[in-house]
1. Yes or no: residue 145 modelled with pLDDT of 95 or more and closer than 24 Å to residue 82 by Cα?
2. Could you run through the range 22-57 and say how many residues are under 21 Å from residue 83 (Cα atoms) and part of a loop (DSSP other than H, G, I, E, B)?
3. Does residue 183 qualify as being closer than 26 Å to residue 15 by Cβ, among the acidic types (Asp, Glu), surrounded by 15 or more Cβ atoms within 10 Å (Cβ to Cβ) and modelled with pLDDT of 95 or more?
4. Return the residue satisfying two criteria in turn: it lies in the range 102-120 and is modelled with pLDDT under 95 and more than 14 Å from residue 166 (Cα to Cα), and of such residues it is surrounded by the most Cβ atoms within 10 Å (Cβ to Cβ).
5. Can you tell me which of 49, 69 is over 15 Å from residue 13 (Cα atoms) and of a type in the set (Ser, Thr, Tyr)?
6. Residue 154 is checked against (1) crowded, with 16+ Cβ neighbours inside 10 Å; (2) over 29 Å from residue 208 (Cβ atoms) and fails just one. What number does that condition carry?
7. So residue 159 clears everything in (1) out of contact with any Lys or Arg (no Cβ under 8 Å at 6 or more places or on another chain); (2) at pLDDT below 95 except one condition, right? Which one?
Amino acid sequence: MHNKERKILVASTNPGKVAELRAMLGGDVEWLGLSDFSDIAEIAEDGTTFTENARRKALGYAKAASCWTIADDSGLVINVLGGEPGVKSARFCGEKEADRKTLDHKNTAKVLKLLEGVPKEERTARFICCLSLASPEKILVEAEGELEGLIAEREIGENGFGYDPIFFVPGLKRTVAQLTAEEKNAISHRGNAIRKLKPLLEKLLRTT
């Protein structure tokens, strides 16, 4: 098979995200995570859009690791808050927490506080995921996925992470945190972006 040994780095220290991309993209690829590289400095996510951050991370890590790199930037966009938390989704509460669960809870608590008293029909929101695949020289392919929903009035469900417990999907009558991993992948913003990226990656692997 052509290019059997192609290595692709997933620019994440989150083993769940690396496993998710590996499972959904597959291919004749050796998938790596940032944990496989001990000496790579963190790339700053200081862009003003999800696309900008994904490109910055993909190119930066591709150069540092000397191999193709896939990076994503994703977050929650709430219409009544003028698009916030947006690119600040991971650190919306303004704090750095060593414990991911504590940070997630503080971020969701801030959103719920800001939306206190806002009626259901105005609590519209969407998750956005931008994926970027780069070589050390340039961006190769990109894809974007979305998931539309509403912000619930409290946390519901134990699965997932981030804002999943307050993101209600009307069509399923459940929050994302009430879904199984398979159900989430089938509809999620990241799942949708990965499905768009897959044929582009397969074509690249065949022709590069």
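1. Against the criterion (modelled with pLDDT of 95 or more and closer than 24 Å to residue 82 by Cα), residue 145 qualifies.
2. Selection size over the range 22-57: 5.
3. Details: closer than 26 Å to residue 15 by Cβ: yes; among the acidic types (Asp, Glu): yes; surrounded by 15 or more Cβ atoms within 10 Å (Cβ to Cβ): yes; modelled with pLDDT of 95 or more: no.
Answer is no for this residue.
4. Restricting to residues being modelled with pLDDT under 95 and more than 14 Å from residue 166 (Cα to Cα), the top hit is 103.
5. Working: 69 fails: over 15 Å from residue 13 (Cα atoms).
Exactly one of 49, 69 is over 15 Å from residue 13 (Cα atoms) and of a type in the set (Ser, Thr, Tyr), namely 49.
6. In the conditions (1) crowded, with 16+ Cβ neighbours inside 10 Å; (2) over 29 Å from residue 208 (Cβ atoms), residue 154 misses (1) alone.
7. Tallying (1) out of contact with any Lys or Arg (no Cβ under 8 Å at 6 or more places or on another chain); (2) at pLDDT below 95, residue 159 fails exactly one: (1).
Residue-by-condition table, conditions (1) modelled with pLDDT of 95 or more; (2) within 25 Å of residue 192 (Cα to Cα); (3) in contact with a Cys (Cβ under 8 Å, 6 or more places away or on another chain):
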{"residue": "3", "(1), (2), (3)": "no, no, no"}
{"residue": "47", "(1), (2), (3)": "no, yes, no"}
{"residue": "68", "(1), (2), (3)": "yes, yes, no"}
{"residue": "73", "(1), (2), (3)": "no, yes, yes"}
{"residue": "89", "(1), (2), (3)": "no, yes, no"}
{"residue": "95", "(1), (2), (3)": "no, no, no"}
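The values are calculated or read from the model by the stated rules, or taken from the named source; none is laboratory data. The structure displayed is predicted, hence computed values, not measured ones. With ideal geometry, Cβ positions are generated from the backbone for all residues, glycine too; neighbour counts draw on all protein chains shown.
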